[in-house]
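Colleague: This structure is in structure tokens; I'll ask about it shortly.
Derivation of every value follows stated rules applied to the coordinates shown; laboratory data play no part. These numbers were taken from a predicted model, which means no experiment stands behind them.
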Amino acid sequence: MVANEENLIPFTSDQDREEAKKNGRLGGIASGKARREKATMKKRLEELLNSTDKKGRLYGDLVHLGLIANAIDKSKGGNPEAYKTIAKLLGEMDNIDNVRETPDIEIRIIDNSNLEKVMYEKN
């Protein structure tokens, strides 16, 4: 994560010890707030992914299915990261992170044109 340098107040020799201490305290408070917000967001996302729709399907399963379908779509366009993701999921390559070229794997696409309809079908 990169700091938002626009909001940083650099320590200068012009600042006295108390002012530097105050600025450090304010930074710590802001950091704690951001950490708590991130933890709350993660907790809510986990709750959502572990909940079910009206048909009793886990939302997490639907999200995973959507992510896989997205990787397949991107791999059809030649995206090497999508190939890596698919290869990892298939267990085709143990240490694929060190591969610089697109892995030579065969992907067979079955018509998934109604995937979105099925995922979000209302009943």
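Colleague: In terms of Cα to Cα distance under 29 Å, which lysines are near enough to residue 33, apart from those fewer than 8 places away along the same chain?
Modeller: 21, 22, 42, 43
Colleague: More than 14 angstrom separation, counting every C-alpha pair in the range 15-74; what % is that?
Modeller: Values: 1277 of 1770 pairs.
Of all Cα-Cα pairs in the range 15-74, 72 percent lie more than 14 Å apart.
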